[in-house]
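A short worksheet on the structure shown next.
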Amino acid sequence: MHIMQIQILNSIGLLLAIIGTIMVFIWGLTLQQDSYGLGLGDNNVVKTKWGDITVKEATEKGKQELKKHKCLSRGGLFLIGLGFLFQLWAVWT
């Protein structure tokens, strides 16, 4: 394989791994689940990062956010693995 192609594969792999790592740190490690107290009913209004909404709405928004964060952080892990595979491909060809 031509030296330029090896450098391109290596660079692609490195960029994928960097992007994946950033995604994991942004969406995987920063997610915090909020708790609104056991004594509150579903219709009580609480202050959240989304504004003043009911406990039921806040719980639903939290579940949606968790699903999004898990999906994006898993995508980041996939990119890290793909980046390493590109680098291995560059080394072994």
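Points worth noting:
Per-residue answers, yes or no, for (1) part of a helix (DSSP H, G or I); (2) of a type in the set (A, V, I, L, M); (3) in contact with a Pro (Cβ under 7 Å, 6 or more places away or on another chain); (4) under 22 Å from Trp27 (Cβ atoms):
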| site | (1), (2), (3), (4) |
| --- | --- |
| Lys68 | yes, no, no, yes |
| Leu79 | yes, yes, no, yes |
| Phe84 | yes, no, no, yes |
| Trp89 | yes, no, no, no |
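- Region 74-89: number of residues that are small (Gly, Ala, Ser) and surrounded by fewer than 18 Cβ atoms within 10 Å (Cβ to Cβ): 2
- Some residue of region 54-69 being hydrophobic (A, V, I, L, M, F, W, C) and in contact with an Asp or Glu (Cβ under 9 Å, 6 or more places away or on another chain): yes
- The one condition in (1) in a loop (DSSP other than H, G, I, E, B); (2) in contact with a Ser or Thr (Cβ under 9 Å, 6 or more places away or on another chain) that Val46 fails to fulfil: (1)
- Residue ID - surrounded by the most Cβ atoms within 10 Å (Cβ to Cβ), chosen from residues in region 47-58 that are of a type in the set (A, V, I, L, M, F, W, C) and out of contact with any helix residue (DSSP H, G or I) (no Cβ under 6 Å at 6 or more places or on another chain): Ala58
Here is a yes/no grid of residues against (1) in a helix (DSSP H, G or I); (2) surrounded by fewer than 15 Cβ atoms within 10 Å (Cβ to Cβ); (3) on the phi < 0 side of the Ramachandran plot; (4) at pLDDT below 90:
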site	(1), (2), (3), (4)
Met4	yes, yes, yes, yes
Leu9	yes, no, yes, no
Leu14	yes, no, yes, no
Phe25	yes, yes, yes, no
Gln32	no, yes, yes, yes
Gly41	no, yes, yes, yes
Glu60	yes, yes, yes, yes
Lys63	yes, yes, yes, yes
Leu72	yes, no, yes, no
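The values are calculated or read from the model by the stated rules, or taken from the named source; none is laboratory data. The shown structure was predicted, so the numbers you read here are calculated from the model rather than taken from an experiment. No Cβ is skipped: glycine too gets one built from the backbone with ideal geometry, and neighbour counts run over all protein chains shown.
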